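A.B. asks: This is the structure, below, for whatever I ask next.
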Amino acid sequence: MKAISAIFNKEFKLFFYSPIAYVILALFTALTGVFFYLYLSSFVEAAFMDMIRSQQYRMAPQKFNVNLMLIRPYFWNIALISLFTLPLITMRLFSEEKRLGTVELLYTSPITPTQIIVGKFLAGLAYYVVLLLPTMFFHAILFLYGDPEFMPVLSGYIGLILMGASFISMGLFISTLTENQIIAAIGGFAAALLLWVIGWGSSFAGPTLAPILNYVSIITHFEDFAQGVIDTQHIAYYILFSFTGIYLSLKSIESVKWRA
Amino acid sequence: MIDVEGLTRYYGEKRAISDVSFHVNKGEILGLLGPNAAGKTTTMRILTCYMPPTSGSATVGGYDIFEQSMDVRRITGYLPENPPLYTELTVDDYLLFVAQLKGIEKSRLKSEIDTVIEKAALGDVRHRIIGKLSKGYKQRVGLAQSLLNNPQIIILDEPTVGLDPKQIIEIRELIKNLRGDHTVILSSHILPEVEQTCERVVIINEGRVVAEDTPENLTNRLRGSERIIMQVEGSEETVKKTLQPIADIQNITVKPENNGLVRVEVESDKDVRKELANAVVKNGLGLLELTVDRFTLEDIFLHLTTKEEEVA
Ligand SMILES: Nc1ncnc2c1ncn2[C@@H]1O[C@H](COP(=O)(O)OP(=O)(O)OP(=O)(O)O)[C@@H](O)[C@H]1O
Ligand SMILES: [Mg+2]
């Protein structure tokens with residue numbers, strides 16, 4: 001546990017020692033902020049138009065659901081932006097150690113490969129949570145001026161973090177394969193994108209393949225979370241996915257160690 | 001304290017070391033000497049459990065490198081060839097991280113770090129970012145890291161590379177002070193370094209151990225063909241004619257120097273200083289200087305390694 005926290009602390013500190021972390025944070029906040037503004041203004045406009053219409057025709061105004069019209073699509077949006085951001089976080093997690101030669105320190109210290117990988121994974125996840133903080137602030141605005149349901153927001157974040165964990169474990173694995181951060185980032189994008197779009201393919205696939213593709217697709221499992229449903233099946237999927245990524249990373253560094 | 005038995009390591013098809021065996025006593029400083037690509041780093045990486053050997057075995061501090069690798073790593077401090085530094089961290093933060101990796105308890109962290117900072121003379125730079133330090137200071141940070149937790153065994157891969165002469169002397173002093181309390185292996189291809197700091201030397205060439213002894217014994221082994229160097233007043237031919245008849249001379253070279261002097265180098269397995277001096281004086285030549293040139297480790301090193309090449 002002490003070794004894991006040593007790795008975690010170092011990794012987390014390193015994120016904020018490098019300018020990349022701030023660039024990513026700024027970019028992520030700007031993008032999610034812009035989309036929040038766009039969703040919010042179109043929602044307000046729609047509600048406003050409806051109010052005018054209802055006055056004209058002397059009908060009761062429609063009840064506009066913030067959760068359905070704003071929060072749900074916004075979560076989709078954050079998930080998509082995360083897809084492109086997380087490879088930038090995971091790219092350096094292991095490649096950097098290889099490039100600097102610090103793997104030699106890690107492997108000759110009295111810690112296990114599992115402790116190294118788990119510490120790094122948790123640091124990546126913690127940084128992702130930091131990235132999500134500004135979006136929580138945006139959601140808080142909605143609660144300040146309206147009365148959205150709380151559960152869908154909570155389940156949305158649970159979904160994001162679980163999905164993020166999956167992406168991070170996969171990105172970490174890819175990062176163990178190369179000492180080049182750029183390659184690690186591109187590999188991360190490609191893999192994330194593939195897992196993302198695979199669900200679309202299911203609509204063209206035959207009856208046997210379709211459910212499989214649907215199951216593998218990382219996006220399908222997020223759907224329920226965005227709608228406020230916490231389903232153990234989807235939690236299990238993401239946890240299984242993360243464990244697979246961690247396991248592959250372990251196997252990768254153990255075999256690299258053998259060949260080194 | 002360290003027992004190495006028949007270590008062999010292949011990189012793919014290429015054999016980096018073959019059948020390397022040696023032994024290091026407790027409290028001793030052992031020099032691992034060899035030219036580039038001899039297999040020094042490979043040997044050290046195996047001993048520090050960075051990678052396994054293809055065959056052979058070794059124990060470090062009584063622990064087997066395969067079976068008890070965690071214990072080996074716990075009692076060993078290691079400075080790799082390229083100091084493993086996080087260039088974005090400060091010296092303090094870096095040492096804190098390594099100290100935590102080594103499992104030092106919280107209460108001892110600060111004092112442990114202060115100790116190695118003092119030993120490696122890093123006090124002035126402890127709050128600076130490692131990436132901005134000079135190469136010599138980076139090397140010292142790497143050295144400081146290897147001393148954390150006062151390890152029984154310290155393995156240093158070319159510890160003085162990139163240091164200026166003053167720093168080299170300081171680091172050598174530091175290493176010498178480790179004697180007794182720590183068992184040290186250091187590698188080098190700089191021979192005087194090994195001669196000065198080590199009690200025993202293992203010479204390794206093309207992956208094989210070619211000699212293992214104390215620096216003095218290694219020197220004595222080649223004593224047989226000691227060199228005598230003289231500076232004589234006289235012409236090249238007369239000097240040659242005068243000295244050549246002396247018995248027991250294996251080899252003689254005479255080179256003219258400025259202002260009518262010649263430099264004579266004589267190789268012999270007997271002490272022929274008296275005969276040489278007498279012959280010079282008897283023939284009316286001026287003897288200005290006569291010295292015995294002991295073979296340095298450098299010569300032995302070259303001798304052993306070139307011999308090995310001839311065999312190959
Ligand atoms: N990772 C590797 N992959 C393939 N070959 C390697 C690897 N590391 C070392 N070698 C080869 O093994 C041999 C021994 O290398 P090693 O680094 O142990 O030598 P060294 O004595 O430390 O040399 P130097 O003084 O240059 O540091 C060399 O021929 C080298 O090319
Ligand atoms: Mg080397």
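A.B. asks: Which one is modelled with the lowest pLDDT among residues in the stretch B:72-82 that are within 16 Å of ligand 1 (Cβ to nearest atom) and either within 8 Å of chain A (Cβ to nearest Cβ) or touching a Pro at 6+ places or on another chain (Cβ under 9 Å) (or both)? Don't jump to the end; show me each part of the working.
C.D. replies: Going through the stretch B:72-82, the residues within 16 Å of ligand 1 (Cβ to nearest atom) turn out to be B:78-82.
Those still in the list that are either within 8 Å of chain A (Cβ to nearest Cβ) or touching a Pro at 6+ places or on another chain (Cβ under 9 Å) (or both) too: B:78-80, B:82.
Numbers: B:Y78: 97, B:L79: 97, B:P80: 96, B:N82: 93.
Within the stretch B:72-82, the match that is modelled with the lowest pLDDT is B:N82.
A.B. asks: Could you list, in sequence order, the residues of the stretch B:93-126 that are charged (D, E, K, R), within 13 Å of chain A (Cβ to nearest Cβ) and within 30 Å of the chain's Cα centre (by Cα)?
C.D. replies: B:K102
A.B. asks: How many of the residues making up the stretch B:1-33 are within 14 Å of ligand 1 (Cβ to nearest atom), more than 12 Å from B:T43 (Cα to Cα) and touching a helix residue (DSSP H, G or I) at 6+ places or on another chain (Cβ under 7 Å)?
C.D. replies: So the answer is 1.
A.B. asks: Still on this structure: Look at the stretch B:179-218 and say how many of its residues are within 22 Å of B:S146 (Cβ to Cβ), aliphatic (A, V, I, L, M) and surrounded by 19 or more Cβ atoms within 10 Å (Cβ to Cβ).
C.D. replies: Initially, the stretch B:179-218 is screened for residues within 22 Å of B:S146 (Cβ to Cβ), giving B:179-190, B:193-194, B:196-202, B:204.
Remaining after also requiring aliphatic (A, V, I, L, M): B:184-186, B:190, B:194, B:201-202, B:204.
Narrowing the set further to residues that are surrounded by 19 or more Cβ atoms within 10 Å (Cβ to Cβ) leaves B:184-186, B:194, B:201-202, B:204.
Within the stretch B:179-218, residues that are within 22 Å of B:S146 (Cβ to Cβ), aliphatic (A, V, I, L, M) and surrounded by 19 or more Cβ atoms within 10 Å (Cβ to Cβ) number 7.
A.B. asks: Here's another thing I want to ask about it. Tell me, which strands (runs of 3 or more DSSP E) lie completely within the stretch B:1-82 with 3 or more residues that are more than 30 Å from B:Y137 (Cα to Cα), among the hydrophobic types (A, V, I, L, M, F, W, C) and within 16 Å of ligand 2 (Cβ to nearest atom)?
C.D. replies: Numbers: elements: B:2-11, B:14-24, B:29-33, B:55-60, B:76-79.
Answer list for the stretch B:1-82: B:14-24.
A.B. asks: Still on this structure: Which numbered condition trips up B:T59, out of (1) buried (at least 17 other Cβ atoms within 10 Å of the Cβ); (2) under 18 Å from B:T197 (Cα atoms)?
C.D. replies: Checking B:T59 against (1) buried (at least 17 other Cβ atoms within 10 Å of the Cβ); (2) under 18 Å from B:T197 (Cα atoms), the one that fails is (2).
A.B. asks: Scan the stretch A:98-126 for residues that are assigned to a helix (DSSP H, G or I) and at the interface with chain B (Cβ under 7 Å from one of its Cβ atoms) and jot them down.
C.D. replies: Step one: list which residues in the stretch A:98-126 are assigned to a helix (DSSP H, G or I), which gives A:98-100, A:103-107, A:113-126.
The answer is A:L100, A:E104, A:L105, A:Y107.
A.B. asks: In this structure, is B:S69 farther than 30 Å from B:A37 by Cβ and more than 7 Å from every other protein chain (Cβ to nearest Cβ)? Steps first, please.
C.D. replies: On the way: farther than 30 Å from B:A37 by Cβ: no; more than 7 Å from every other protein chain (Cβ to nearest Cβ): yes.
Against the criterion (farther than 30 Å from B:A37 by Cβ and more than 7 Å from every other protein chain (Cβ to nearest Cβ)), B:S69 does not qualify.
A.B. asks: Condition test on B:K102, is it basic (K, R) and more than 16 Å from ligand 2 (Cβ to nearest atom)? Outline the logic, then answer.
C.D. replies: Numbers: basic (K, R): yes; more than 16 Å from ligand 2 (Cβ to nearest atom): yes.
Taking the combined requirement at face value, the residue satisfies it.
A.B. asks: Assuming B:M70 fulfils every condition listed in (1) surrounded by fewer than 24 Cβ atoms within 10 Å (Cβ to Cβ); (2) in contact (Cβ under 8 Å) with a residue 12 or more places away in the chain; (3) within 20 Å of B:N149 (Cα to Cα) apart from one, which condition is it?
C.D. replies: Evaluating B:M70 over (1) surrounded by fewer than 24 Cβ atoms within 10 Å (Cβ to Cβ); (2) in contact (Cβ under 8 Å) with a residue 12 or more places away in the chain; (3) within 20 Å of B:N149 (Cα to Cα) leaves (2) as the failure.
A.B. asks: For the stretch B:48-65, enumerate the residues that are hydrophobic (A, V, I, L, M, F, W, C) and more than 12 Å from ligand 1 (Cβ to nearest atom). Talk me through it step by step, then tell me what you get.
C.D. replies: Taking the stretch B:48-65 and keeping what is hydrophobic (A, V, I, L, M, F, W, C), we get B:49, B:51, B:58, B:60, B:65.
Hits for the stretch B:48-65 are B:C49, B:A58, B:V60, B:I65.
A.B. asks: To continue, here is another question. Determine, yes or no, whether A:L88 is more than 14 Å from chain B (Cβ to nearest Cβ) and either touching a Lys or Arg at 6+ places or on another chain (Cβ under 6 Å) or within 27 Å of B:Y86 (Cβ to Cβ) (or both). Give the steps one after another, and end with the answer.
C.D. replies: Values: more than 14 Å from chain B (Cβ to nearest Cβ): yes; either touching a Lys or Arg at 6+ places or on another chain (Cβ under 6 Å) or within 27 Å of B:Y86 (Cβ to Cβ) (or both): yes.
Taking the combined requirement at face value, the residue satisfies it.
The values are calculated or read from the model by the stated rules, or taken from the named source; none is laboratory data. What you see is a predicted model, and the numbers here were worked out from it, not measured in a lab. Counting neighbours? That spans all protein chains shown, and the Cβs are built from the backbone with ideal geometry, glycine included.
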